[in-house]
Amino acid sequence: MLADPLNVKRPEWLDQEDVNIFYEAVKGFIEKECLPHGDRWEKAGVVDREVWTKAGEAGLLCPAAPEEYGGAGGDWRHDYVFHMAVSELGVDGWGASLHNSIVAPYIWHYGSEEQKKRLLPKMISGEYVGAIAMSEPAAGSDLQGIKTTAKKDGNGYRINGAKTYDALLGPEEGQGFFQLMEQLPQERLQIGVQAVGMMKRALDETIRYVKERHAFGKPILAFQNTQFKLAELKTKATIAEVFCQHCSDLLLKGELDAATASMAKYWVSDTQCELIDECVQLHGGYGFMNEYPVARMWRDARVQRIYGGTNEIMKLLISRTL
Ligand SMILES: Cc1cc2nc3c(=O)[nH]c(=O)nc-3n(C[C@H](O)[C@H](O)[C@H](O)COP(=O)(O)OP(=O)(O)OC[C@H]3O[C@@H](n4cnc5c(N)ncnc54)[C@H](O)[C@@H]3O)c2cc1C
């Protein structure tokens, strides 16, 4: 179990009983159903099929889905603690964060009534697993639509490229760009929240390591460089968490704009990579070995600066507001 190395006080809107219960349920589920299989899933490159249906049975999938389609009728606060738990405990490869709060919301926001009734209950139960693909035929801004599909096989769910165009979301072609513009701020904030969760895990691992590892007859935490480095990292991670909470507050009020969400995505994911790189350094040679969680975090953190729109594109969006 992770001992939160930051202890940022949760704001009142987040520190609610139902949200806290959900957070504990997600953490309990991950510890029981995911962590024991983590190494095997990593080697196989796919998670067990059952984890999806078990998560569905436990009421953990699509927590913000509307009640009329079988959802719990929650909101971003439940998504927030879900992403935080997944990243804090280290099951980043599961894909449930994408399923819950990127793919499913496209369906309840833009799908036809028939699509909502057909797809959402199956996504909430874990029978269907969501993926998202953006089609851009002429490389430019003329995104043609957003289509979701997942194909079941013997081991689990895999994206089938040939089928990504077999169902149009909503009534007309050519709406993908507008749908994206509305949904991307939340998706980008999600990347920031995931980054905070992983930073906490990296700090927790590293603080424990520098207390145990000895060099020149003392724990490496006794060196002032280690103390100062960790003090800097803790400060940056704290600022990142507070900023993500601020952006979440805006999102819940419907006020999170593209530029502010871009700040969360770019700065927090850049900070995540910087922090984990320093944590690898503090692990010395062990930081380069895959058996050590910090080495895997270093590898997994890197993509956060690329997907969801690269961090250079985030700066472009921010600069347009100058
Ligand atoms: C693991 C992973 C998962 C992904 N998941 C999904 C998914 O689920 N759904 C989905 O649709 N996509 C997904 N993507 C795609 C992802 O969103 C894109 O890779 C990302 O937006 C960058 O686009 P690109 O790869 O075309 O890079 P390019 O646009 O070719 O960029 C290459 C480089 O050029 C820079 N660059 C490009 N344009 C500019 C500019 N105007 N100014 C300055 N620099 C610029 C970029 O910053 C980057 O450094 C995923 C990618 C990865 C790696």
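Every read-out reported here was derived from the displayed coordinates using simple, explicitly stated rules and does not represent laboratory data. Here the structure is a predicted model, which is why all the values come from computation and not from measurement. Glycine also receives a Cβ, built like all others from the backbone with ideal geometry; neighbour counts cover every protein chain displayed.
With respect to the chain, whose longest principal axis is taken over its alpha-carbon atoms, helix 17-29 is tilted by about 80°.
Working ranking of peptides 298-310, 218-230 by packing, defined as the average number of other Cβ atoms within 10 Å per residue, highest first, is 298-310, 218-230.
Number of Lys-Lys pairs in region 17-135 with C-alpha atoms under 20 Å apart and a separation of 8 or more places or on different chains: 4.
Among Glu274, Glu212, Glu127, the largest mean-square fluctuation in a Gaussian network model of the chain, built with springs joining Cα atoms closer than 10 Å, belongs to Glu212.
For region 7-96, the set of chymotrypsin sites (Phe, Trp or Tyr not before Pro) satisfying both a DSSP loop assignment and a count of at most 16 other C-beta atoms within 10 Å is given as Trp13.
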